[in-house]
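Heads up: the structure comes next, in structure tokens.
The values are calculated or read from the model by the stated rules, or taken from the named source; none is laboratory data. Since the structure is predicted, the reported quantities are computational estimates derived from the model, not experimental observations. Cβ: placed from backbone, ideal geometry, glycine included. Neighbour counts: every protein chain shown. For the accessible areas, the whole protein counts, side chains as well, though only heavy atoms, and no ligand, DNA or RNA atoms are used. Shrake-Rupley method; radii C 1.70, N 1.55, O 1.52, S 1.80 Å.
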Amino acid sequence: MNPMIPDPESYFSRLLPRRSTLLERLEKEAALEEIPIVGPVVGELLYLLARISRARRILELGTASGYSTLFLAEACREVLGRVVSLEYDPDLARKAKLNLAEAGLEDAAEIVCADALTWLAQTTDDFDLVFIDIEKEDYVKALPLLHKTLVPGGLLVADNVGFLDADSFNRAMAADPAWRSVSLYALLPGHSPRFDGLCLAVRTA
Ligand SMILES: C[S@@+](CC[C@H](N)C(=O)[O-])C[C@H]1O[C@@H](n2cnc3c(N)ncnc32)[C@H](O)[C@@H]1O
């Protein structure tokens, strides 16, 4: 067998995607203000997934300062699509709007200050891709609402599924024939936490 790269944790921690000065500033602010952001690896993964799937209607649950929204909005703009991102903290929602404007992406994303579960229960809109990053115990409650909100073949990306509070979501997802899914546990430099699980799922029925 070909030898593996020695000390892969340090090696891959140095091999990060290139990003803008705004994203780097938000990473520093997140560290100082203890805002749990997805970081550059999952951010770039979100951009790639949105771009590969050519999703035009993207829903994000849990905006915080808009760090992950910037990656999704950039991909969405390329197909003239739009992100709706839900954040219940008004100060964070305001901050996210300013950050999107600074990136020139205000037309590609709308920040809505609302509770995600209430909003999901009421909406009649449908989406091609949903990214969920709210309280982990709420993921399982959101699951039937996400099924209704995603188009058949739509992609669901769930962050932080390595948290104990995501256990019921992980089990429900794995057992539900209406979804086809995989959960990955990986080193995610810059992500909070640094090792965590991500679930990717397609609505099959
Ligand atoms: C982990 S942070 C989101 C980080 C962001 N996705 C990023 O990577 O840049 C979770 C955010 O979701 C918000 N949140 C948690 N539960 C929510 C809910 N039920 N509805 C709306 N926002 C919620 C929190 O206020 C927090 O800002």
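Worth a mention:
- Take the Kirkwood radius over Cα pairs of the range 11-156, plug it into Stokes-Einstein at 10 °C and 1.306 mPa s, and you get 104 µm²/s for translational diffusion.
- Eligible lysines near residue 28 by straight Cα distance, threshold 20 Å, same-chain separation 8 or greater: 95, 97
- Taking every protein chain into account, the accessible area of the range 11-169 amounts to 47 square angstrom per residue (probe 1.4 Å).
- Helices in the chain, meaning DSSP H runs of at least 4 residues, each add -39500 (n - 2.57). Divided by all residues, the mean residue ellipticity at 222 nm is -12500 deg cm²/dmol.
- Area accessible to solvent at residue 15, 1.4 Å probe radius, in Å²: 110 Å²
- Extended-chain gain in nm, criterion 0.36 nm per residue less alpha-carbon gap, residue 168 and residue 125: 12.8 nm
- Loop-resident chymotrypsin sites (Phe, Trp or Tyr not before Pro) (DSSP state other than H, G, I, E or B) in the range 22-80 with no more than 13 further Cβ atoms inside 10 Å of their Cβ are absent.
- Computed on the range 21-203, with alpha-carbon pairs under 8 angstrom and 6+ residues apart, the relative contact order is 21 percent.
- The range 21-203 - share of DSSP beta bridges that are antiparallel (%, nearest 5): 40 percent
- Ignoring aspartates and glutamates fewer than eight residues from residue 136 along the same chain, the ones with Cα atoms less than 19 angstrom from its Cα are 34, 60, 87, 89, 115, 159, 165, 167, 176, 196.
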